[in-house]
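Heads up, the thing below is written out as structure tokens.
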Amino acid sequence: MGREPSGFECLRVIESDLRWLRSWPVISDLHATRSVSRFSPPPHGPCRVPIAGHVGRLSGLKTAAGRRFPPFVLNRLAGPSYLPLVTAAGIMLATVGTIGRAYLLLPLGLLITVGAVIAWLRPDRDLLERMRTSSLPRETGLPILTTGSRSLGWLGLMFLLAVLGWCLSTLVYSYFYLRVYSPQWPQGEISLPSVVLPGVACALLLAGAVAAGWSRHAFRAKRRTPYLIGQGLAATFATLFLALHLAELIRLDFTPRTNAYGSIFFMLSWAIDVIVLIGLGIGGMALLRGCHEDEHWHAVQALHAQMTAHYGYFTAGAGVVGYATLYLSPHLL
């Protein structure tokens, strides 16, 4: 067995033996990026290769001289865009409107945020078409669209779930911290919360998780219609939950300003709503793209099916935790 080539040798090989890849009229804005520190110094110019999607690994790919590459990652680098700034401006307007009670700014901020996110995440049709018609999988065995731990989208979702889980656990801890050091709970002679309507809302989140899981099962079986029905049901259940939860919050006889109980009650309730709204956006995007795609729907929807199922399970768990904390614990503890 020969020794593994060094980083400098690999870089020379990329520049020499793989020049034929640059002539492929597939994708021009995808660059080879280093994934390990020993790939240094960087090449003098970007190694443009016809691969798209999220992450692909060239482990096992041989050069013309028969040498193997150590594994490295190919990733599409995002180009310059003003949409993240517009999204941040919309969130800022909504926050200022909420804090300053300038309620006209709240819908304006939400509208700007939603519009910017949709424009930001809207897929490039030309890029998708070139990805579909690329002969790279047949020539090299490399995947065009990846899922799981090889996908930046999936890794981003895991990071998002970690952040949301940490925020939710912090609010739950704060709730019980106030409960332990309060002589009366709920404070200020507030009546115990009802468990019926919130219980129905929580059941909707559980049903949404079941629908998302069923949708992913249908996707694995390559059944497009049941897959889209499952995505639609999950989005419908999330919308119904938000409507019921809003009705429950409106009918309460206290506000976030009443006392500490009111503050933590609404903060935890709003956190659940934000989690559901994010899931509704992810699922809605998957549903829209699934309805739009036809011939290549299975390849394009692979990551969507995985992410909506995982996020649906997380949302159902967050809903159960929130329901048990806000509505069941005052009756049991």
message = Using Cβ counts within 10 Å as a stand-in for footprinting exposure, how do Ile275, Ile91 rank, fewest first?
response = Ile91, Ile275
query = How do the peptides 109-121, 194-206, 279-291, 227-239 rank, highest first, by the average count of neighbouring beta carbon atoms within 10 Å per residue?
reply = 227-239, 279-291, 194-206, 109-121
task = Just name one of Leu288, Leu246, Ile264: the one whose Cα is farthest towards the positive end of the charge dipole of the stretch 244-294 (beta-carbon charges, Lys/Arg +1, Asp/Glu -1).
result = Ile264
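What is the stretch 147-332's relative contact order, in percent, from Cα pairs under 8 angstrom and six or more apart in sequence? Each step should come with its number before you reach the end.
Details: 188 pairs, mean separation 63.3, N = 186.
The value is 34 percent.
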note = Long-range alpha-carbon pairs in the stretch 147-332, meaning those over 29 Å apart, account in percent for 28
remark   = Ordered by fewest other Cβ atoms within 10 Å, a rough proxy for footprinting exposure, Met92, Met307 read Met92, Met307
key: Note, ³J(HN,Hα) from phi for the stretch 199-208, Karplus 6.51, -1.76, 1.60, rounded to Hz, x at Gly and Pro   = x, 5, 5, 5, 5, 5, 5, 5, 5, x
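Working out 0.36 nm times the residue gap between Val96 and Ile278, then minus their Cα-Cα distance, what length gain in nm do you get to one decimal?
Numbers: separation 182, 0.36 × 182 = 65.52 nm, distance 2.05 nm.
Length gained between Val96 and Ile278: 63.5 nm.
Where a number appears in this text, it was derived from the coordinates with a stated rule and is not lab data. Computed from a prediction, not measured in an experiment: that's the story for all the values here. Every residue, glycine as well, gets a Cβ built from its backbone with ideal geometry; the counts of neighbours run over all protein chains shown.
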